[in-house]
Amino acid sequence: MSQITSLFPRDWRNLHFTLIVFFSLLLIINVPRLNQFVSQTVVKTLYFPFFQLKNLFVEMGTISTENNLLRQKLAEANARISILQEAERENERMRSILGFEPPAGYSLLPTKVISVSYGGNRPVAAVINKGAHDSVSINQAVVNQQGLVGRIKEVMGDMSVVQLLTDPANRVAARISDTREMGIVKYRTGFGLMLDNFPVQGTIREGDQIVSSGLGGIYVAGLLIGQVEGVIRQPDEPFCEIELRPAALFSSVEEVFVLRSVNE
C-alpha cells in the first residue's frame, strides 16, 4: 500500500517536468500559430485558473469588509433610533408636566431621578440631581404630575435622597377629599399603601380620593396620595383596614419636583 501511495507524487512530478519541457520545446520552435496556440494553452490551463482564484479571494475579502461596515452602520442606526424613541417618550412626559401647577405659596423645582434603592420588591428611596446648592432642604415634599411621591430625607451639595411613600417608615397625615375625615397613610409590607387610624363609623367608600391634610408640617395640604381600593371593617375592631391605590407610579418615576415655599 505504501508503494502505491508513494508512486503518485513521483509520477506527478515527472508529469509536471515533462509538460514544462514539452511546452518549452514548442515555444522554441519559431512557428507563429503554434507559439500562439501554446501561449493561449498555457494561459488558460496554468495562469487563468490561479488568476480567477486570486480574484475570488479578493472579492471574498471585499464582501467581508462590506459586511462589517454594514453591520456597524446597522448598529449605529439602531442606537440612533433608540435615542430618538427615548427623546419622544421624554417629550410626552414633559408635555403632560407643563400643565402641572404647584399649590399656592409654593414653587416647583424640577429634578431628575438618577438612582433608586429597593426594599424587597419595591422602591423605597430615590436619589435626585438637585441638592443644597439648589436650596433643597430636609422634609420638603416631592411630587410629580400624578401626585405625592415622598419627602426629602437627606441633602448633599448636588443631590438629595427622597424617602418614597413606599418606605414603611414614612407616614403622611391624610384626609378624604370629599368628607374631610382624617387618617394616617403608611405602607404596610405585604399589603401595600394603607389608610390607618380611620374609625369604623366613618364614611368612606371605594374610589374616594385621599389627599394630604397638611398636619405635621411636612406635607402641604391637598396633595393627591391615591384612591380607596378596598374597605374592610373587622368585627370588634375600632378602625377600618383601607387599601389605597397610589396616585404616583413608584416603579417608573423619572422626573419629580421638589415643593419649595416661596419664602425659602
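So how much slack lies between Ser261 and Ile138, counting 0.36 nm per residue of separation and subtracting their Cα-Cα distance, in nm? The Ser261-Ile138 span can extend by a further 43.0 nm. Between Arg171 and Leu70, the distance separating the two model label sites (each 7 Å from Cα on the Cα→Cβ line) works out to 6.7 nm.
Taking amide hydrogens as placed 1.01 Å from N in the peptide plane, the amide H of Val124 sits under 5 Å from those of Ser117, Tyr118, Gly119, each at least 5 positions away in sequence or on another chain. For region 162-226, rounded, prolate or oblate, judged on the Cα gyration tensor with a ≥ b ≥ c (square roots of eigenvalues), a/c < 1.5 rounded, else prolate if a/b > b/c? Judged from the Cα gyration tensor, region 162-226 comes out oblate (a/c at least 1.5, b/c at or above a/b).
For region 104-264, count all C-alpha to C-alpha pairs, find those more than 27 Å apart, and express that count as a whole percent of the total. It would help to have the intermediate numbers written out before the result.
Working: 2949 of 12880 pairs.
Result: 23 percent of Cα pairs exceed 27 Å.
Among the chymotrypsin sites (Phe, Trp or Tyr not before Pro) found in region 167-264, those both in a DSSP coil and sparsely packed, with 15 or fewer other Cβ atoms within 10 Å of their Cβ, are Phe191.
Determine, for each peptide in 202-212, 144-154, the mean count of other beta carbons within 10 angstrom over its residues, then list the peptides with the highest first.
Working: 202-212: 17.3, 144-154: 20.5.
In decreasing order of mean packing, 202-212, 144-154 become 144-154, 202-212.
You can think of it this way: the chain between Glu237 and Asn55 has 56.4 nm of extra reach, that is 0.36 nm per residue less the Cα-Cα gap.
FYI, it's all coordinate maths here, none of it is from the lab. What you see is a predicted model, and the numbers here were worked out from it, not measured in a lab. Methodologically, a virtual Cβ is constructed for each residue, glycine included, from the backbone with ideal geometry; neighbour enumeration extends over all protein chains shown.
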